[in-house]
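Notes for the one structure printed next.
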Amino acid sequence: MVPKEPTPLPVRPRRDFEAGPVTGASLATGQIPVLDPQPGQKDPSAEAVPASGAQPTTAPSSTAVPSSAVSEADEEPEIRRPAVAPLDDDAAWTASLKLPSADESWQGAQGDWNYPQIFDAPSPAFAEEVHRAPHQPKTTEQPKATAPEAAPTPKITEGEPKAQPGPATSQVHQTQPEIGPATAPTTALPLRRDVRERNTEPAPRRSRLRTALGILKNALGRRKTRPHRGSADSKTLGARFTPRNNHLGLMRLGLALVVGFTHAALIGYGWQPMVGRTEIGALCVDAFFVLSGFLLVGSYLRLDSVRRYAWHRFLRIMPGFWVCLVISATLMAPLIAWQQGQPMSSLLSGQNSAVDYVIRNAALLMRQWGIDGLPTDVEMAGVLNGSLWTLFYEAACYASIIALGVCGGLRRRPVMTLGAVGALWVVTVLNEYQILYIGQERILRLSFMFLIGSVLYLYAHHVPMNRLLTVVASGVVVAGVVFLEDYRVIAGPAFGYVLMALAVSRVRLPEPRTDISYGLYVYHWPLLQILNLFGLAALSIWAFVPVGLAVSAVVALASWKLVEKPALTFKDAGWVTWKLPVPRPATSEARA
């Protein structure tokens, strides 16, 4: 008789049996024999099962007790032991591998299998059990318990020894341990809908007072530590600065407003607000150059292309500047001429006409300040727009970034930029005390402040940021502003440090969604001149300044929406991003 090969059954994780040695036969069939049965399983060695067709033999004895009587005596009165049918060798070996009856529920869900398989794919029922959420109980139906039939008490003749329960019998009736759910190969996470079902109650609503207190606490509290580079200290400028989470936009807007306030005082009343011996407007311009140096070095290193960097800087400054010149010559100058009673023809003819105003100043260097001497009879007569002079020095500083980048002073040898700052600091000191007078105070002053911002970016991961240093630097700046004619002699780098401490401070403040600082800077002067001519400055400074800045902000917003922002969409123009073809050596076929 040829034994049948067992039918392949689904994979079940090993949890309640011990695998025996793996042999060639087990690898061929994918079956792992079980040598040590668990409690509750039938031990084949305890009760030998005869082969098919063979009869069990017993030794003759006059006092032998019938096998049926002994088996009935071994059982407990309330459980009837089922009769074992004679099976062949393969069936007996298979029956010895059956799982304990405590796992009947899982066995009923997966099918009647007798041994684990290691090469078969899992069945759908097993996959459903593996991926079932941990909180969902097993839904397999358990068989109903029925009352056991009363077994007849065997009759034992006097003098016969009472049968003792054998090892197999005692093992069968042992209390079987409770087996938990099958171990899943992967961790099953609850689905989103299950989480929603378990959290059906709405979130508690906070009162308006508690919400306002929470906003105030977040505004005055400290920010969470920002992510930083792996080898950098978390308390440095480079670790605390992130391109999208800083106060640079708000600071530039505030500086533009302060510059507008100082110019309003100059245009309407002829005086400049000062702190000690330093003009507030000069401090704001220096701050603009420090922030520009910090940002533009990062822009150059990020773009890694001189062509793209120059194109981006051109789009940021020149379109808005040219439109401002045209509007000043075609709208504001005629309005001023009409208010002062001058003929319009004088704006188009003469030595300082409107056309000359646009052409001469188109290259950022202001060589003509007014149009036909307009405006007249005011504090700043003949100056149509006196805030545009800084743009030429701004562009010169942009060019210095390109020069330092080409020479390797930004990436490979940043110590060159640090040395340039040191040299300019020494020249500033010598120039202030006229030990070595060079002149050109504007370019010397603005380039010095611009490179301070550049060095702060290059060495950002080496610049510590803490409150003690910020207080000390602020004290140095105050001392330089109050006691010196030029505070930069001792407080130039300290001023840059204070600005960056404010830029990365952890105070939560609303950031502007649009960048109107540039438009506010270039348009506020001519608008203040017009409002002054119409007599608004005669009311009071508290009416002239707010109205003038509000009108300038509206014009700046229109400039951003209609001119500056559309121009920035051409940053990635084809001729800028196009790369030159790389020359390749000629092949042997081409040479032939």
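Out of the residues in segment 258-296 that are among the hydroxyl-bearing types (Ser, Thr, Tyr) and under 23 Å from Leu557 (Cα atoms), state the one that is most open to solvent (accessible area, probe 1.4 Å).
Looking only at segment 258-296, we keep the residues that are among the hydroxyl-bearing types (Ser, Thr, Tyr), and these are 262, 269, 278, 292.
Retained after the next criterion (residues that are under 23 Å from Leu557 (Cα atoms)): 262, 292.
Details: Thr262: 1, Ser292: 23 Å².
Among them, the one singled out is Ser292.
Can you say whether Leu568 is over 29 Å from the mean Cα position of the chain (by Cα) and at pLDDT below 95, as far as the supplied structure shows?
Working: over 29 Å from the mean Cα position of the chain (by Cα): no; at pLDDT below 95: yes.
Here the answer is no, as Leu568 does not meet what is asked.
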Note down all Cβ pairs under 6 Å where the first residue falls in segment 201-216 and is modelled with pLDDT of 80 or more, the second is open to solvent by less than 100 Å² (accessible area, probe 1.4 Å) and assigned to a loop (DSSP other than H, G, I, E, B), and they're at least six residues apart or on different chains.
none
All but one of (1) open to solvent by less than 60 Å² (accessible area, probe 1.4 Å); (2) in a helix (DSSP H, G or I); (3) touching a residue at least 40 places away in the same chain (Cβ under 8 Å) hold for Ala362, so report the exception by its number.
(2)
For the subset of segment 239-257 comprising residues that are of a type in the set (A, V, I, L, M) and either surrounded by 17 or more Cβ atoms within 10 Å (Cβ to Cβ) or without any contact (Cβ under 8 Å) to a residue 12 or more places away in the chain (or both), which member is farthest from Asp486 (Cα to Cα)?
Ala239
Restricted to segment 369-380 and to residues being crowded, with 17+ Cβ neighbours inside 10 Å and farther than 16 Å from Leu528 by Cα, the residue modelled with the lowest pLDDT is Asp372
Which pairs do you get when a residue that is on the phi > 0 side of the Ramachandran plot and of a type outside the set (D, E, K, R), found in segment 268-281, comes within reach of a residue that is surrounded by fewer than 17 Cβ atoms within 10 Å (Cβ to Cβ) and at pLDDT below 90, reach meaning Cβ atoms under 6 angstrom, with the pair 6+ apart or on two chains?
Gly270/Glu379
Condition broken by Arg308, with the remaining ones in (1) open to solvent by 50 Å² or more (accessible area, probe 1.4 Å); (2) over 19 Å from Tyr457 (Cβ atoms) satisfied:
(2)
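Just name the residue that is nearest to Leu388 (Cα to Cα) out of those in segment 419-433 that are open to solvent by 80 Å² or more (accessible area, probe 1.4 Å) and part of a helix (DSSP H, G or I).
Only one residue tops the list, namely Trp425.
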Those residues of segment 439-474 which are open to solvent by 80 Å² or more (accessible area, probe 1.4 Å) and assigned to a loop (DSSP other than H, G, I, E, B) amount to Gln440
First in segment 476-494 and touching a residue at least 60 places away in the same chain (Cβ under 8 Å) and more than 19 Å from Gly453 (Cα to Cα), second anywhere and open to solvent by 40 Å² or more (accessible area, probe 1.4 Å) and assigned to a loop (DSSP other than H, G, I, E, B), Cβ under 6 Å, 6 or more apart
Val481/Gly276; Val482/Gly276; Glu485/Arg277
Testing Tyr521 on (1) assigned to a helix (DSSP H, G or I); (2) at pLDDT below 95, one condition comes back false. Which one is that?
(2)
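Can you find even one residue in segment 390-399 that is over 27 Å from Tyr521 (Cβ atoms), of a type outside the set (Val, Ile, Thr) and either open to solvent by 10 Å² or more (accessible area, probe 1.4 Å) or outside any helix (DSSP H, G or I) (or both)?
First, pick out the residues of segment 390-399 that are over 27 Å from Tyr521 (Cβ atoms): none.
Checked against the condition, which is being over 27 Å from Tyr521 (Cβ atoms), of a type outside the set (Val, Ile, Thr) and either open to solvent by 10 Å² or more (accessible area, probe 1.4 Å) or outside any helix (DSSP H, G or I) (or both), segment 390-399 yields no hits at all.
Mind checking whether some residue in segment 313-334 is out of contact with any Lys or Arg (no Cβ under 9 Å at 6 or more places or on another chain), of a type in the set (Lys, Arg) and either closer than 30 Å to Asp572 by Cβ or surrounded by 19 or more Cβ atoms within 10 Å (Cβ to Cβ) (or both)? Outline the logic, then answer.
Taking segment 313-334 first, the residues out of contact with any Lys or Arg (no Cβ under 9 Å at 6 or more places or on another chain) are 313-314, 316-334.
If we keep only those that are of a type in the set (Lys, Arg) too, we end up with 313, 316.
Checking the rest, the ones that are also either closer than 30 Å to Asp572 by Cβ or surrounded by 19 or more Cβ atoms within 10 Å (Cβ to Cβ) (or both) come to 313, 316.
There is at least one residue in segment 313-334 that is out of contact with any Lys or Arg (no Cβ under 9 Å at 6 or more places or on another chain), of a type in the set (Lys, Arg) and either closer than 30 Å to Asp572 by Cβ or surrounded by 19 or more Cβ atoms within 10 Å (Cβ to Cβ) (or both).
Would you call Val415 within 23 Å of Gln529 (Cβ to Cβ), among the β-branched types (Val, Ile, Thr) and out of contact with any Ser or Thr (no Cβ under 8 Å at 6 or more places or on another chain)? It would help to see each step written out before you state the result.
Details: within 23 Å of Gln529 (Cβ to Cβ): no; among the β-branched types (Val, Ile, Thr): yes; out of contact with any Ser or Thr (no Cβ under 8 Å at 6 or more places or on another chain): yes.
Here the answer is no, as Val415 does not meet what is asked.
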Quick count over segment 335-354, residues being in contact with a helix residue (DSSP H, G or I) (Cβ under 8 Å, 6 or more places away or on another chain), farther than 20 Å from Leu527 by Cα and open to solvent by 40 Å² or more (accessible area, probe 1.4 Å), is 2
Select from segment 508-546 the residues that are of a type in the set (A, V, I, L, M), open to solvent by 40 Å² or more (accessible area, probe 1.4 Å) and within 16 Å of Leu248 (Cα to Cα) and list them in ascending order.
Leu509
Can you tell which of Leu410, Leu436, Leu384 is over 29 Å from Pro526 (Cβ atoms), touching a residue at least 60 places away in the same chain (Cβ under 8 Å) and part of a loop (DSSP other than H, G, I, E, B)?
Leu410
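The values are calculated or read from the model by the stated rules, or taken from the named source; none is laboratory data. Keep in mind the model is a prediction, meaning the values are calculated, not measured. Every residue, glycine among them, receives a Cβ derived from its backbone with ideal geometry; neighbour counts consider all protein chains shown. All accessible areas refer to the heavy atoms of the entire protein, side chains included, with ligands and DNA or RNA removed. Shrake-Rupley method; radii C 1.70, N 1.55, O 1.52, S 1.80 Å.
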